[in-house]
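Read through the structure below, which is laid out as C-alpha cells, and then see the notes.
The values are calculated or read from the model by the stated rules, or taken from the named source; none is laboratory data. Since we're looking at a predicted model, the values are computed, not measured. Don't worry about glycine lacking a Cβ; one is built from the backbone with ideal geometry, like all the others, and counts go over all protein chains shown.
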Ligand SMILES: [Zn+2]
C-alpha cells in the first residue's frame, strides 16, 4: 500500500515537471535520460511494435514489473537473440526516461535457458498461463521477491520434468497464497462446519470453500485429497515433490480451484486457461 502511494506521488511530480522543461531536441532527450539500470529479470510478455521493435514486459528482481521497448529486436540477427522469449531468465540493461512510461531496453543476456519448454507447444501452454497470471497480478514497479522466485521455480520445473501439470498447480496455489486470497481449507466459509473427509465446493463468483449443505448450483468439488495436496505444497518446495500418476486428479482439482480464485480476484477470465484443456 505504502509503495503504491509513493509511486503515485512520484508520477504526479513527473507530470508537473515536464511542461517546465524548456530544453529542445537532442539536448532535451539527453538530459531527460536517466542513468542506465541493470537487473536480473524474467520476461513476462512481448508484443511486436512497429516493423522492427518489440514491446517487452519483464519482472525485474530489483525493479518490479516494467514495460519497455527493445529497438530492432524483430530484425534478423538482432542482438537480443532468444533472450526475449516468454519466461526467459535474463540480465537486462535499460534506461528510464522521465517523460515516458516505457523504458528503453539496451541489452539482455540469457542467464538460464528454458528452450525445451518454450519451443514445445504443449509445454509453452503451461508457460503462457504463468506469464498471463504474473502480468495481471503484479503491480508495476513493485518489487516482489517471492513471486520472482515462484515464477522461476515453476518454469525450471516445467523445463526439467517436461510436464507442466504439477508445476502449474503449485504455481497457481502459491500465487493465491502469496496474494492473500486463499480461503480456509478446513471449514465452510458460510456455516463454519468442518469439512472433515468430505468434499468442499467453490466457484469463481466468490472466494471461499463451502460445505455440501451450503453449496450453490454450478459449484465444483475440492476433495480431501486435493486439500491435502495443498498442505503439501504449502510446506514443500516444488522440486522436492515427486509427481505420481495417482496425484493427477488432485493436481488438476487444486489448479482449477486456484485459477477460479485468481479469476475472481482479477475480475476477468484468463485467456490462456482454455488452452490447457487442449494439450
Ligand atoms: Zn456450510
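Data table
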quantity: Within segment 181-208, considering residues that are modelled with pLDDT of 95 or more and on the phi > 0 side of the Ramachandran plot, the one farthest from the ligand (Cβ to nearest atom); calculated: 196
quantity: Residue that is more than 25 Å from residue 118 (Cβ to Cβ), within 16 Å of the ligand (Cβ to nearest atom) and either in the same structural domain as residue 268 (by TED's automatic domain parsing) or not in a helix (DSSP H, G or I) (or both), where the choices are 227, 232; calculated: 227
quantity: Some residue of segment 151-162 being surrounded by fewer than 23 Cβ atoms within 10 Å (Cβ to Cβ), outside the structural domain of residue 250 (by TED's automatic domain parsing) and touching a helix residue (DSSP H, G or I) at 6+ places or on another chain (Cβ under 8 Å); calculated: no
quantity: Of all residues in segment 211-220 being buried (at least 17 other Cβ atoms within 10 Å of the Cβ) and under 20 Å from residue 249 (Cβ atoms), the one that is farthest from the ligand (Cβ to nearest atom); calculated: 219
quantity: Condition met for residue 270 (in a helix (DSSP H, G or I), in contact (Cβ under 8 Å) with a residue 24 or more places away in the chain and away from the ligand (no atom under 16 Å from the Cβ)); calculated: no
quantity: Neighbours by Cβ (under 6 Å, 6+ apart or cross-chain): first from segment 209-223, over 19 Å from residue 259 (Cα atoms) and in contact (Cβ under 8 Å) with a residue 60 or more places away in the chain; second within 14 Å of the ligand (Cβ to nearest atom) and not in a strand (DSSP E or B); calculated: none
quantity: Output for segment 86-102, where each listed residue is buried (at least 21 other Cβ atoms within 10 Å of the Cβ) and in contact (Cβ under 8 Å) with a residue 60 or more places away in the chain; calculated: 87
quantity: Residue match in segment 235-247 (condition: within 16 Å of the ligand (Cβ to nearest atom), touching a helix residue (DSSP H, G or I) at 6+ places or on another chain (Cβ under 7 Å) and touching a residue at least 12 places away in the same chain (Cβ under 8 Å)); calculated: no
quantity: Test: residue 175 is assigned to a helix (DSSP H, G or I), free of Cβ contacts under 8 Å to residues at least 24 places away in the same chain and touching a helix residue (DSSP H, G or I) at 6+ places or on another chain (Cβ under 9 Å); calculated: no
quantity: Qualifying positions in segment 104-147 - part of a helix (DSSP H, G or I), crowded, with 21+ Cβ neighbours inside 10 Å and either touching a strand residue (DSSP E or B) at 6+ places or on another chain (Cβ under 8 Å) or free of Cβ contacts under 8 Å to residues at least 24 places away in the same chain (or both); calculated: 131, 134, 147
quantity: Any hit, segment 194-207, residues being exposed (fewer than 13 other Cβ atoms within 10 Å of the Cβ), free of Cβ contacts under 8 Å to residues at least 60 places away in the same chain, closer than 18 Å to residue 264 by Cα and in the same structural domain as residue 250 (by TED's automatic domain parsing); calculated: yes
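A quick yes/no check of all residues on (1) more than 21 Å from residue 130 (Cβ to Cβ); (2) touching a helix residue (DSSP H, G or I) at 6+ places or on another chain (Cβ under 9 Å); (3) at pLDDT below 95:
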position	(1), (2), (3)
58	no, no, no
65	no, yes, no
68	no, no, no
72	yes, no, yes
87	no, yes, no
91	no, no, no
97	yes, yes, yes
100	yes, yes, yes
